[in-house]
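**Student:** Pasting a structure here, questions to come.
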Amino acid sequence: AYNPQIIPGEFQTTVDNPFCPFAPGTTWTYLEKSGGATSTNTITVTHETKVIMGVTCVVVHETVARNSRVAEDDYKWVAQHKDGTVWCFGTASKETSPGGKVSTEGSWEAGVKGAQPGILMPGHPAPGQPYRQEYLYSVAENMAQVVATNETVTVPAGKFTGCVRTKEWSMLEAGTELKWYAKGVGIVKEIATAGDSVVLLSITKE
């Protein structure tokens, strides 16, 4: 029943939602602790674009480095609706095991095999109903819900006030995670029910 109406002319490549900005040349570096392992997560907004469902999307490159090797290497395609809502139109996921086995499980592209785009951040975030962040049946079914606003978070990158807190989860897995989005920055902190955590170390802009 999920079938959002996408009108290409209502989207833009300038993604300047205060809580989820994706300006080309911006790089975020995070420290992730999961299951006793530590990794460095890097997100960079490239100067490249990709057209999906007629919408020109910004290409965002994400890597996860663990034990001096790249464990995950993903590309995400993002665009902003004229109402300020940030949408994700797909992810090309590549995960490499310590043994060298490569998996692209979790990859999806809106408009292909029934996949639909989802919302990364509403244009005017306020506590309310859950929304889909991505959708491909039994492959990508992430959900999110804004649960609080105007929160304060302190991480290695600094102290951030006026943050939006969301609860996010997958329909395909157990557990949830809380994420804090700071104005002008984006995600600054994540805490999962399993005890995993992610904190922002730095943000740089060209």
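The values are calculated or read from the model by the stated rules, or taken from the named source; none is laboratory data. Values in this document were obtained by computation on a predicted structure and should not be read as measured data. Positions of Cβ are generated from backbone atoms using ideal geometry, with glycine treated the same way; all protein chains shown enter the neighbour counts. Note: areas computed on protein heavy atoms with side chains; ligands, DNA, RNA excluded. Shrake-Rupley method; radii C 1.70, N 1.55, O 1.52, S 1.80 Å.
**Student:** Considering only the stretch 88-112, state which residues are without any contact (Cβ under 8 Å) to a residue 12 or more places away in the chain and touching a Gly at 6+ places or on another chain (Cβ under 6 Å).
**Tutor:** none
**Student:** Take the stretch 86-99 and flag every residue that is open to solvent by less than 30 Å² (accessible area, probe 1.4 Å) and more than 29 Å from Ala126 (Cα to Cα).
**Tutor:** Listed by number, the list holds a single entry, Ser93.
**Student:** To continue, here is another question. On the given criteria, is Ala140 closer than 18 Å to Trp28 by Cβ and either free of Cβ contacts under 8 Å to residues at least 60 places away in the same chain or buried (at least 20 other Cβ atoms within 10 Å of the Cβ) (or both)?
**Tutor:** no
**Student:** Using the structure shown, decide if Gln5 is farther than 30 Å from Gly195 by Cα and surrounded by 14 or more Cβ atoms within 10 Å (Cβ to Cβ).
**Tutor:** So Gln5 does not fit the description; no.
**Student:** Considering each of Glu134, Glu190 in turn, give the residue that is surrounded by 15 or more Cβ atoms within 10 Å (Cβ to Cβ), of a type outside the set (Gly, Ala, Ser) and either more than 19 Å from Asn3 (Cα to Cα) or more than 17 Å from the chain's Cα centre (by Cα) (or both).
**Tutor:** Unique residue meeting the criteria: Glu190.
**Student:** Considering only the stretch 16-36, state which residues are assigned to a loop (DSSP other than H, G, I, E, B), modelled with pLDDT of 95 or more and open to solvent by 30 Å² or more (accessible area, probe 1.4 Å).
**Tutor:** Asp16, Pro18, Ala23, Pro24
**Student:** Let me ask something else. If Asp83 satisfies all but one of (1) open to solvent by 50 Å² or more (accessible area, probe 1.4 Å); (2) closer than 26 Å to Gly195 by Cβ; (3) charged (D, E, K, R); (4) modelled with pLDDT of 95 or more, what's the number of the condition it fails?
**Tutor:** Looking at each condition in turn, Asp83 falls short on (2).
**Student:** Counting only residues that are of a type outside the set (Ser, Thr, Tyr), touching a residue at least 60 places away in the same chain (Cβ under 8 Å) and touching a Cys at 6+ places or on another chain (Cβ under 7 Å), which one in the stretch 172-206 is farthest from Thr40 (Cα to Cα)?
**Tutor:** The residue in question is Ala182.
**Student:** Evaluate the stretch 45-60: report whether one residue or more is basic (Lys, Arg), over 27 Å from Ala192 (Cβ atoms) and open to solvent by 50 Å² or more (accessible area, probe 1.4 Å).
**Tutor:** yes
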